Amino acid sequence: MDADGLPIVGSGIDLTKVPAIQQKRTVAFLNQFVVHTVQFLNRFSTVCEEKLSALSLRIQQIETTLNILDAKQNNVHEESLQKTEVVTENIKTVAKDPRYARYLKMVQVGVPVMAIRNKMISEGLNPDLLETPDAPVPAWGDDGNAEDSSDSESSFSD
């Protein structure tokens, strides 16, 4: 016996005197092991397939929801672009305003810019808008230069 109390099996045993293991019993144990292992693997693969199928269904639902949200976002974006276009179409630019259009035409023909600016000031229009024909037209009372010109005229009077 060794230190743990187990018998020492070694070269002291005559293997010819030891009886053989029964083949039928070994085959039965092996068959039982194979059957149980196959049953376990079949159950495992069935559970895995069910979980993968449920996961695939969930992914399809999420993709569908994502496509719906994307379509809604595109629709909202298109509506906002249309509203912006409508707003920009409704805004009257300096080039479209008849008060300023004739002065812009004078610039194109070649009339000196200082003469045009002086004429615009005398009529109460903003001469700075000659440089920005695409700018929105200020309201009638919003011209800052119109107030300046009235102040300058009043400064000459006693």
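Each value in this text was obtained by applying a stated rule to the coordinates, not by laboratory testing. Because the structure is predicted, anything quoted here is derived from the model rather than measured. Glycine gets a Cβ as well: all are built from the backbone with ideal geometry, and neighbour counts include every protein chain shown.
Just a few scattered comments:
- Computed from phi, the 3J(HN,Hα) profile of region 14-24 under the Karplus parametrisation 6.51, -1.76, 1.60 (θ = phi - 60°) reads 8, 5, 6, 8, 7, x, 6, 6, 6, 5, 4 Hz, with x in place of Gly and Pro.
- Inter-site label distance for Lys83 and Gln22 at 7 Å from Cα along Cβ, in nm: 8.9 nm
- With 0.36 nm allotted per residue and the present C-alpha distance subtracted, the Val34-Asp14 stretch has 3.9 nm of extension available.
- Cβ-Cβ distance of Ile62 and Asn42, R₀ of 35 Å, FRET efficiency by 1/(1 + (r/R0)^6): the value works out to about 0.70.
- A convex hull fitted around the alpha carbon atoms of region 38-125 yields 152 Å³ per residue.
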